[in-house]
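Structure, as structure tokens:
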Amino acid sequence: MTEKRAQWGSNFGFIMAAAGSAVGLGNLWKFPYLAGKNGGGAFVLIYLLIVIFIGFTIMLGEMAIGRHTQLSSYNAYQKINKNWAFIGGLGVLAGFIILSFYSVVGGWVLNYMFKTVIGGIPTDTAAYFGSFISDPVLPIFWHLVFMAVTAIIVFKGIGGGIEKSCKFMMPALFIILVIICIRSVTLPGAAAGIAFYLTPDFSKITAGAVVAALGQVFFSLSLGMGCIITYGSYLGKDENLSKNSLIVPFLDTLVALLAGFAILPAVFAFGFEPGAGPGLMFITLPQVFAKMPLGTLFGFMFFVLVLFAALTSSISLLEVTVAYMQDQHKWARTKSVIVLSTIMFLMGVPASLSMGIWSGFLIFGKNIFDFLAFSSDIILPVGGLLMCIFIGYVWGIDKAVDEITNGGKISFKLKGLFTIMIKYIAPLAVVAVFLNALGVLKF
Ligand code: TRP
């Protein structure tokens, strides 16, 4: 059965949905700990440069492909040139991989939100976190709940599900974030954290830090796997793509920066380590909230914020695969959502178990969870690189610009920059960063 293709109710709705996809665990969980680990301000600076030059370009490229074809990733590439459909296929695969482990972490967030309210997080938060994630049952239960909520929203469709929920969750998220930032930077002793965050330590800028920043930009902006192609395919021809592809990365980066302000000063104020890694949100922060006046309230608000961010992202990941089944295999939305979310739930189970009873099962020296996360760190930049080559040399810049300007009706002042970035700089940067990481090149 073929269903009529949906459209966003308004450009604002699209922006909330696309920013919702972008703003997620990547901003709130990963960005602050990566910044904490890689020299604070220095990492932030590299990150900003990559967003401005590469993030904007790839986001615009994806939007143009999606809106031009009015199809989700695989079929979009296929329609323009069938030999390149595999890039879209890679993206659909990435959707399965990312959502399966993302939903596990979404489940952790649900557990923490719930536990904060009932006051059940023990003082030894490190031991609690370790025993919770390695439990064979509880994290899988929460993973199931998180996946079910994601599925229900996507099941309700583009306008009534994704757009509507993002128009509520994104502004709410922003308000909560600002409140927590104010709380954090006004704590006695917060200044050390602010200084750490804003003062670049250039000695920490290693090749590893640059690769981490690049991977983070792709992940955080939801690039390289056709997510923005899919969301762009529901956009009307009159919308201004170049403006949208500046606004979405701007909002995403703003939230990442604010997340740093919400978290790092509080961490310093109570004498904790900023470089705690992935445990920053689940081990350090609960201790910070425990010491803060009205900590239960702030802790609860914080995990609601993280939950909203995670949900508006997980629905975009599920939508990529659902739209593929609709466009390519003519499946109804209901059937796609039920089948695909079940598969992803099942794929997440071993990822969750790999934190505990299956931790001995290693692929290339990584447990299943880390291996899935690592594969997405590879697939996304590769997908972005191929997209640049596709637009620059296969589809052609002029056709892309014709779509961006809607046949010349919408002005696009950045054509020169866009052309140079997509044909030369962005692909070269991705390749250079990879070679550098592999030790082939040494800067
Ligand atoms: N950007 C989201 C985050 O930061 C995660 C995400 C959603 C994503 N959709 C994506 C990542 C598509 C890569 C590709 O948490």
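The values are calculated or read from the model by the stated rules, or taken from the named source; none is laboratory data. Not measured: the values here are computed from a predicted model. Reconstructed Cβ throughout: ideal geometry from the backbone, glycine too, with neighbour counts over all protein chains shown. SASA here: full protein model, heavy atoms, side chains in, ligands and nucleic acids out. Shrake-Rupley method; radii C 1.70, N 1.55, O 1.52, S 1.80 Å.
Please sort 78-85, 117-124, 380-387 by packing, taking for each peptide the average over its residues of neighbouring beta carbons within 10 angstrom, highest first.
Most protected by this proxy first, the peptides run 380-387, 78-85, 117-124.
Treating only the Cβ atoms of Lys and Arg (+1) and Asp and Glu (-1) as charged, compute the dipole magnitude of the chain about its Cα centre; round to the nearest 20 debye. List each step's numbers first, then the result.
Details: 26 positive and 17 negative charges, 135 e Å.
In debye, rounded to 20, the chain gives about 640.
Nearest 500 deg cm²/dmol is fine: what mean residue ellipticity at 222 nm does the chain get from its DSSP H runs of n ≥ 4 alone, each adding -39,500 (n - 2.57), divided by its residue count?
For the chain, the value works out to -22500 deg cm²/dmol.
Please state the shape class of region 21-69: rounded when a/c is under 1.5, otherwise prolate if a/b exceeds b/c and oblate if not, all from the C-alpha gyration tensor. Don't skip to the answer; put the middle values down first.
Values: a/c = 5.64, a/b = 1.97, b/c = 2.86.
Taking the square roots of the gyration eigenvalues as a ≥ b ≥ c, region 21-69 is oblate.
Jot down the per residue volume, in cubic angstrom and as a whole number, of the convex hull over the alpha-carbon atoms of region 140-213.
Details: hull volume 13.5 nm³, N = 74.
So the per-residue hull volume is 182 Å³.
As a test of reading the structure, rank F272, F14 by solvent-accessible area (1.4 Å probe, protein chains only), most first.
So, going from the largest accessible area down, we get F272, F14.
Using a 1.4 angstrom probe on the protein heavy atoms only, line up W8, W358 by accessible area, largest first.
From most accessible down to least: W358, W8.
Helix 125-134 versus the longest principal axis of the chain: what angle, 0 to 90°, nearest 10, using Cα atoms?
For helix 125-134, the angle is close to 50 degrees.
How big is the Cα convex hull of region 118-178 in projection, averaged over all directions, in nm²?
On the way: hull surface 24.1 nm².
If I average the Cα hull's projected area over directions, I get 6.0 nm².
Beyond 20 Å, how much of the Cα-Cα pair distribution for region 222-325 remains, as a whole percent?
Details: 2890 of 5356 pairs.
Above the 20 Å cut-off, region 222-325 has 54 percent of its Cα pairs.
Quick one: grab the alpha carbon gyration tensor of region 316-443, order the square roots of its eigenvalues as a ≥ b ≥ c, and give me rounded if a/c is under 1.5, else prolate or oblate depending on whether a/b is larger than b/c.
Oblate, since a/c reaches 1.5 and b/c is not below a/b.
Determine ³J(HN,Hα), in whole Hz, for all residues of region 100-108 in sequence, where each value follows from phi through the Karplus function 6.51 cos²θ - 1.76 cosθ + 1.60 and θ = phi - 60°; x replaces Gly and Pro.
3J(HN,Hα) across region 100-108, in whole Hz: 5, 8, 4, 5, 4, 5, x, x, 4.
With N set to the residue count of region 370-443, report its C-alpha Rg divided by 2.2 N^0.38 Å to two decimal places.
Taking N as the residue count of region 370-443, the ratio is 1.36.
Could you grab the relative contact order for the chain? Cα pairs under 8 Å, six or more apart, rounded to a whole percent.
Across the chain, relative contact order equals 34 percent.
For region 25-122, treating each Cα as an identical point scatterer without solvent, what Debye log10 I(q)/I(0) comes out at q = 0.11, 0.17, 0.21 1/Å?
-0.57, -0.99, -1.08
Can you tell me the Rg and Dmax of the chain, counting just the alpha carbons, in angstroms?
20.9, 62
So what are the ³J(HN,Hα) numbers for region 243-255, from phi and the Karplus equation (6.51, -1.76, 1.60; θ = phi - 60°), rounded to whole Hz, Gly and Pro as x?
Those phi angles translate into 5, 4, 7, 8, 5, 4, x, 4, 4, 4, 5, 4, 5 Hz.
Nearest 10 degrees, 0 to 90: what angle lies between the long axis of helix 426-438 and the longest principal axis of the chain (Cα atoms)?
Value to nearest ten degrees: 50.
Run the accessible area of region 189-311 with a 1.4 Å probe and give the carbon-and-sulfur part as a rounded percent.
Carbon plus sulfur share of accessible area: 72 percent.
Looking at region 163-278 from every direction and averaging, what is the projected area of its Cα convex hull in nm²?
With every direction weighted equally, the projected area is 9.3 nm².
Ranked by accessible surface with a 1.4 Å probe, highest first, in what order do L93, L254 come?
L93, L254
Percent of Cα-Cα pairs more than 19 Å apart in region 314-370, please.
Here the tail beyond 19 Å accounts for 44 percent of pairs.
Starting from the Cα-Cα distance between T123 and I338, subtract it from 0.36 nm times their residue separation and give me the gain in nm to one decimal.
Fully extending the segment from T123 to I338 adds 73.4 nm.
Over 27 Å between Cα atoms, which of K4/K413; K82/K423; K30/K366; K82/K413 qualify?
K4/K413; K82/K413
Just how much of R5 is accessible, in Å², when a 1.4 Å probe is used and the result is rounded to the nearest 10?
Rounded to the nearest 10, that gives 70 Å².
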